[in-house]
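Remarks on the structure that follows.
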Amino acid sequence: SAVISQKPSRDICQRGTSLTIQCQVDSQVTMMFWYRQQPGQSLTLIATANQGSEATYESGFVIDKFPISRPNLTFSTLTVSNMSPEDSSIYLCSALTGDLFFGPGTRLTVL
Amino acid sequence: SQQGEEDPQALSIQEGENATMNCSYKTSINNLQWYRQNSGRGLVHLILIRSNEREKHSGRLRVTLDTSKKSSSLLITASRAADTASYFCATEPANDYKLSFGAGTTVTVRA
């Protein structure tokens with residue numbers, strides 16, 4: 001199993017600013033993912049965070065908008081850049097270690 | 001992309017009753033997983049059923065899988081107020097490791 005923490009747990013941001021979300025796993029994992037959950041919706045995969053190389057983005061998501069870092073096997077960050085109200089969502093980090101474990105999420109509100 | 005379709009969207013039951021929700025999917029899978037999410041928080045992995053399994057139990061949870069119909073069901077027996085949450089199915093495609101999540105079923109257990 002894995003215990004995943006995220007910071008911040010929630011934030012309210014102004015349009016046009018950027019927010020970086022941190023994800024920490026309590027053990028080394030090969031695969032980490034970032035998901036978005038828009039209000040009342042299911043989870044959508046944003047990207048796979050690859051250690052030592054660029055993230056792999058899903059259709060509809062680009063690096064300029066959602067830059068991701070993965071400096072080691074226990075840590076990743078997701079930045080939501082140049083935010084607009086449409087970016088208001090819960091952002092969830094997950095790690096694959098046997099099963100897929102999720103962090104508690106970051107609730108982002110963009111005004 | 002979102003592969004799973006869940007029904008019902010919402011379910012309200014009395015404490016002690018059983019809750020059943022269904023998930024249908026479109027492509028061949030390696031496994032199907034069920035997750036619980038409380039109040040917009042992170043997801044908790046409940047149970048995984050592999051494509052060659054037909055039924056699985058975990059405590060008060062019973063999951064079935066019918067690969068010929070591409071459908072699964074989650075049964076929660078003797079429900080409790082603490083079971084109030086959203087429940088998501090997620091499929092791991094046969095040719096990929098990335099999970100696709102369904103839209104979720106919101107379950108409310110009335111005391």
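Does segment B:25-54 hold any residues that are touching a Gly at 6+ places or on another chain (Cβ under 7 Å) and hydroxyl-bearing (Ser, Thr, Tyr), and which are they?
B:Tyr25
When you check B:His45 against the structure, is it at pLDDT 95 or above and in a strand (DSSP E or B), yes or no? Outline the logic, then answer.
Values: at pLDDT 95 or above: no; in a strand (DSSP E or B): yes.
For B:His45, the condition - at pLDDT 95 or above and in a strand (DSSP E or B) - is not met.
Among the residues of segment B:83-92, which ones are over 13 Å from B:Ala19 (Cα atoms) and either over 13 Å from the mean Cα position of the chain (by Cα) or more than 14 Å from chain A (Cβ to nearest Cβ) (or both)? I'd like the intermediate steps shown before the answer.
First pass over segment B:83-92, keeping only residues over 13 Å from B:Ala19 (Cα atoms): B:88-92.
Across segment B:83-92, the qualifying residue is only B:Glu92.
Taking the residues in segment B:84-96 that are in contact with a Leu (Cβ under 7 Å, 6 or more places away or on another chain) and of a type in the set (Ser, Thr, Tyr) as candidates, determine which candidate is surrounded by the fewest Cβ atoms within 10 Å (Cβ to Cβ).
B:Tyr87
Given the condition within 14 Å of chain B (Cβ to nearest Cβ), under 24 Å from B:Tyr35 (Cα atoms) and within 12 Å of the chain's Cα centre (by Cα), answer yes or no: does some residue in segment A:71-88 qualify? Let's see the steps before the verdict.
As a first pass, look at segment A:71-88 and keep what is within 14 Å of chain B (Cβ to nearest Cβ): A:88.
Checking which are under 24 Å from B:Tyr35 (Cα atoms) leaves us with A:88.
Still in the running and within 12 Å of the chain's Cα centre (by Cα): none.
The answer is no; no qualifying residue exists.
Quick one: is B:Arg60 within 19 Å of A:Gly103 (Cα to Cα) and either surrounded by fewer than 18 Cβ atoms within 10 Å (Cβ to Cβ) or at pLDDT below 95 (or both)?
Numbers: within 19 Å of A:Gly103 (Cα to Cα): no; either surrounded by fewer than 18 Cβ atoms within 10 Å (Cβ to Cβ) or at pLDDT below 95 (or both): yes.
Judged against the criteria, B:Arg60 is not a match.
Could you figure out which of (1) touching a Cys at 6+ places or on another chain (Cβ under 7 Å); (2) assigned to a strand (DSSP E or B) isn't true of A:Ile12?
(1)
Restricting attention to segment B:18-76, report how many residues are away from every other protein chain (no Cβ under 13 Å), hydrophobic (A, V, I, L, M, F, W, C) and without any contact (Cβ under 8 Å) to a residue 60 or more places away in the chain.
Going through segment B:18-76 one residue at a time, the tally reaches 6.
Just need a number here: residues in segment A:31-53 that are more than 24 Å from B:Thr106 (Cα to Cα), touching a Leu at 6+ places or on another chain (Cβ under 7 Å) and within 12 Å of chain B (Cβ to nearest Cβ). Show your work before the answer.
From segment A:31-53, those more than 24 Å from B:Thr106 (Cα to Cα) are A:31-33, A:47-53; that's our starting set.
Narrowing the set further to residues that are touching a Leu at 6+ places or on another chain (Cβ under 7 Å) leaves A:31, A:33, A:51.
Subsequent filtering for residues that are within 12 Å of chain B (Cβ to nearest Cβ) retains A:31, A:33.
Qualifying residue count, segment A:31-53: 2.
The values are calculated or read from the model by the stated rules, or taken from the named source; none is laboratory data. Since we're looking at a predicted model, the values are computed, not measured. Reconstructed Cβ throughout: ideal geometry from the backbone, glycine too, with neighbour counts over all protein chains shown.
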